[in-house]
Amino acid sequence: ARALLRAALDARADDARISPNPERRRSALRRLEADLLRYVEQAARGRSAFAPREFELRFGGPEDPLGPAELAGGELRLQGRIDRIDVSPGGDEAIIYDYKGKGAPPQARWIEDANLQVGLYLLALPQLLDLQAVGGLYQPLGRDDDGRPRGLLLEGADPGLTSVSKDRLAPEEFDALLQEVLDAALRAVRGIRS
């Protein structure tokens, strides 16, 4: 995994629009490599029973393989890209991941800070891939965090997954938070339309 990561970085380094200054660019690429290597090490030690199935799943755009996800009877049409989708051994449940450079927002602040992306993806997932969404996590890649993903997990889902205990919610709390996410998104869309 380390060798593949380094090869991918080498192959894509010229595509990075980090800085026109060569010294800053090299330094930023070294930091990125260190952050990604730290994440690969953490992922290798993980005990999740779920396995990655989709990466960079695009939907809703004119050239995307999947159409938009329609929520609230079509009032909200989503277009986006889900960074990663891990699927349960039975193939019917999924946890989505959104990679962040640093700072994974806890779900207790999603509404207050308008971090609705993962929640909206959880609501869209059953339409997009016919999978039951049991978790949505922001995965920090920067060195300022302890590396644990933060977000929302259904109580009992993938018990081996390293998580923050406050992120695991009972089914009624899980559903209530997703309803709050949908309500906040609808308020924003209605405000834009008015």
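Name the pairs: first residue in the stretch 64-89 and surrounded by 14 or more Cβ atoms within 10 Å (Cβ to Cβ) and modelled with pLDDT of 95 or more, second residue of a type in the set (Phe, Trp, Tyr) and outside any strand (DSSP E or B), Cβ to Cβ under 7 Å, at least 6 apart or on different chains?
Gly80/Tyr121; Ile82/Tyr121; Asp86/Phe50; Val87/Phe50; Ser88/Phe50
Looking only at residues that are of a type in the set (Val, Ile, Thr) and open to solvent by 10 Å² or more (accessible area, probe 1.4 Å) in the stretch 116-175, which one is nearest to Gly46 (Cα to Cα)? Break it down into steps so the answer makes sense when it comes.
At the first step, the residues of the stretch 116-175 found to be of a type in the set (Val, Ile, Thr) are 118, 134, 162, 164.
Checking which are open to solvent by 10 Å² or more (accessible area, probe 1.4 Å) leaves us with 162, 164.
Working: Thr162: 7, Val164: 14 Å.
My answer is Thr162.
For Ala44, are the conditions met, namely being loosely packed, with under 14 Cβ neighbours inside 10 Å and either under 16 Å from Leu123 (Cα atoms) or polar (S, T, N, Q) (or both)?
Numbers: loosely packed, with under 14 Cβ neighbours inside 10 Å: yes; either under 16 Å from Leu123 (Cα atoms) or polar (S, T, N, Q) (or both): no.
Here the answer is no, as Ala44 does not meet what is asked.
Quick one: which of Asp14, Asp10 is over 30 Å from Leu131 (Cα atoms) and at pLDDT 80 or above?
Details: Asp14 fails: at pLDDT 80 or above.
Among Asp14, Asp10, only Asp10 is over 30 Å from Leu131 (Cα atoms) and at pLDDT 80 or above.
So which residues in the stretch 1-49 are among the hydroxyl-bearing types (Ser, Thr, Tyr) and under 30 Å from Gly160 (Cα atoms)?
Step one: list which residues in the stretch 1-49 are among the hydroxyl-bearing types (Ser, Thr, Tyr), which gives 19, 27, 39, 48.
Selection gives Tyr39, Ser48.
Take the stretch 2-41 and flag every residue that is of a type in the set (S, T, N, Q) and open to solvent by 50 Å² or more (accessible area, probe 1.4 Å).
Hit for the stretch 2-41 is Asn21, nothing else.
May I ask you to say which residue of Ala104, Ala133 is small (Gly, Ala, Ser) and either assigned to a loop (DSSP other than H, G, I, E, B) or out of contact with any Pro (no Cβ under 7 Å at 6 or more places or on another chain) (or both)? Working first, answer last.
Values: Ala133 fails: either assigned to a loop (DSSP other than H, G, I, E, B) or out of contact with any Pro (no Cβ under 7 Å at 6 or more places or on another chain) (or both).
The match here is Ala104.
Enumerate the pairs (first residue in the stretch 50-61 and more than 25 Å from Leu161 (Cα to Cα); second residue anywhere and assigned to a loop (DSSP other than H, G, I, E, B) and open to solvent by 70 Å² or more (accessible area, probe 1.4 Å)) with beta-carbon separation below 9 Å, excluding pairs fewer than 6 apart on the same chain, so at least 6 apart or on different chains.
Arg58/Pro65; Arg58/Gln79; Phe59/Pro65; Phe59/Gln79; Gly60/Gln79; Gly61/Gln79
Confirm whether Leu186 is under 30 Å from Pro62 (Cα atoms), surrounded by fewer than 16 Cβ atoms within 10 Å (Cβ to Cβ), touching a helix residue (DSSP H, G or I) at 6+ places or on another chain (Cβ under 7 Å) and modelled with pLDDT of 95 or more.
Against the criterion (under 30 Å from Pro62 (Cα atoms), surrounded by fewer than 16 Cβ atoms within 10 Å (Cβ to Cβ), touching a helix residue (DSSP H, G or I) at 6+ places or on another chain (Cβ under 7 Å) and modelled with pLDDT of 95 or more), Leu186 qualifies.
The values are calculated or read from the model by the stated rules, or taken from the named source; none is laboratory data. Only a predicted model underlies this, so the values are computations on that prediction, with no experimental measurement involved. Methodologically, a virtual Cβ is constructed for each residue, glycine included, from the backbone with ideal geometry; neighbour enumeration extends over all protein chains shown. Note: areas computed on protein heavy atoms with side chains; ligands, DNA, RNA excluded. Shrake-Rupley method; radii C 1.70, N 1.55, O 1.52, S 1.80 Å.
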